[in-house]
1. Would you kindly find the accessible area of Thr577, with a 1.4 Å probe and non-protein molecules such as ligands, DNA and RNA excluded, rounding to the nearest 10 Å²?
2. So how do Phe531, Phe236 rank on accessible area, 1.4 Å probe, biggest first, that is with the largest at the start?
3. In degrees, nearest 10, range 0 to 90: what is the angle between the Cα axis of helix 164-181 and the longest Cα principal axis of the chain?
4. Tell me which of His153, Ala250, Val85 sits at the most positive position along the dipole axis of the chain, charges placed on C-beta atoms (Lys, Arg +1; Asp, Glu -1).
5. Would you grab the residues whose amide H sits under 5 Å from the one on Leu72? Only those 5+ places off in sequence or on another chain, please, with H modelled 1.01 Å from N.
6. Assign one of three labels to segment 21-89, namely rounded, prolate or oblate, based on the Cα gyration tensor with a ≥ b ≥ c the square roots of its eigenvalues; rounded applies when a/c is under 1.5, prolate when it is not and a/b is larger than b/c, and oblate otherwise.
7. Could you do me a favour and compute the accessible area per residue for segment 141-282, 1.4 Å probe, result in Å²?
8. How large is the dipole of the chain about the Cα centre if only Lys and Arg carry +1 and Asp and Glu carry -1, each at its Cβ, rounded to the nearest 20 debye?
Amino acid sequence: MTTDKGLKHTVWQKIKTEVLDDCRKEGEWKILLLDAFTTKLLTACCKMTDLLQEGITVVEDLNKERQPVEDLKAIYFISPNEKSVDRVVMDFSPKPCKYKAAYIYFSDVCPDSLFEKLKTCQPKTIKRCKEINISFFPKESQVFLLNVPDAFHLLYSPDKSVDKESAMQSIAQQIVTLCATLDENPGVRYKREPLDNAEDLANLVEEKLVQYYKMDERNQCKEKSQSQLLILDRGFDPVSTVLHELTFQAMIYDVLPIEDDVYKYKPDGPASKEKEGRLDESDEVWVKIRHRHIADVLEEIPKLVKETSSSKKETEGKLSISSLSNFMKKMPHIRKQISKQALHLSLAEDCMQKFRGSLEKLCKVEQDLALGTDAEGQKVKEHMRVLLPVLLNKDSDNYDKIRAILLYIFVENGTTQENLDRLIQHAKIESDGDVLKNWKYIGVPVVPKSTQRKAPRRDRSREETFQLSRWTPVIKDIIEDNIENKLDSREWPYCSECPAAWNGSGAVSARQKHNTLSREDRKTVSKLIIFVIGGITYSEIRSAYEVSQANKFVQVIIGSTHIITPKKMLDDVKNLTKPHVPKEVFTIVG
């Protein structure tokens, strides 16, 4: 893969160029004002020290009470909403104004009505007013989120009064700002099944891309670039949303209480002081091990400790959290690295504790159901036989039973009403019946059984896997098929002209002019952007990285409205038939 510093770096460079450099004067300090949306955006891609280097002396929350600083200019980096614009107007309406002048940068397209409001500010105080077009979050180097967890309910609820149309408009606009930030005008494709949200969204995105590249003064009518955008409805692979994963990142977020990427742990046993560890890409150890199987992680951490300490004597014997603590006391110069390793060892041990409980047996059942074959590759003849021990196990909690029942329903491609009622009774989950029934609203057959044949999977029988991790997310098949130019255009229609094929065959649609790039140049610039409506899983994220690492000519960027864990997915499905309760959400005005 070409050396790319990733989405976070790309977004930070764009903010530097289009906001901070745009109003820079040598030796002049400024105040930066942010609202909830842009605070989250900047937190995702830079640190306070980065801002200091750019001449920002103070960063303030636009919505809090602030002291006037009349001799400094203020940069407002805000989202185009009424609340934020009203705060700017308040700062520059009465005399004296809060700041010397205002440089206003909107994260996205600002409606005319809000521009009109700004005209009521003191004359000549607003020096600049620009739209930057970044309304997504760079979650990881190859992962973007729109931060609209509400989208699942808005787009899949059977309630006809839900405002689905404006949610779609907003999502399409956010995806366009991702393409603009990457400087790509991709060929847009969508998966036809199981619902039509993907088609509707793909057409909206294409429409807005055409609009955007016509408006973009730097690039009149930018031609389609060597990139593709694939849009899918969440129902395309229900299995990956409920399966217990044993790769590190996916397992941690599934079985441990992680909030806002923060894990709380006690490094020296139950009596010690609680510490917090943040799981993000500034931690090199995390980046190295997050997609590895838990068994590999437990082998890898002691190796890392030995490399760090370079002292054989100190690292002999079994590695434990307390031995790492002693290490830190003896070797303060490597304290920071060792504390990272202590964090990951603690995470791995907590995961293994869960695994040694009921999880090991459960994983075997789940894999057999998901694949329809056992570890030896033999076809499972009776799925119900595999499922029953989980339902009758007193130690299985409700969520685990529900996940197993769902895998049974998915492998059977639906079931009868009578059988469904029996399963609910067996598992004693009468109050949670909706969590099984509501999958039909995302296009997954529940009752009655579907007669449609399932799409064949790629043959991975030669790939080495752990027995309890044999399932491969469907998205990996899709990404690999796309790179090899094997996606069926009946199942994956284009709603825009087709970019030249990436496999060097140079196949183009009749509607497209031949690209003048040489085969080698074309290969080095390929980006594949995947967008899943209604949440992506950590195992799907892992798949995007795995394929990118195996194909140096393609960078896969994967994104969604939000990230889901199995528990979150089940709660969202269960709530589809309940009235909509808005979650914290940032509205992007399209």
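1. 70 Å²
2. So the residues, ranked largest to smallest area, are Phe236, Phe531.
3. Between helix and principal axis, roughly 70 degrees.
4. After comparing all options, I get Ala250.
5. Lys100
6. The shape class here is oblate.
7. 39 Å²
8. Using Cβ point charges on Lys, Arg, Asp and Glu, the chain gives about 840 debye.
The values are calculated or read from the model by the stated rules, or taken from the named source; none is laboratory data. The structure presented is a predicted model; accordingly, all values stated were derived computationally and were not measured. Every residue, glycine as well, gets a Cβ built from its backbone with ideal geometry; the counts of neighbours run over all protein chains shown. These accessible areas exclude ligands, DNA and RNA; they are computed on the full protein's heavy atoms, side chains included. Shrake-Rupley method; radii C 1.70, N 1.55, O 1.52, S 1.80 Å.
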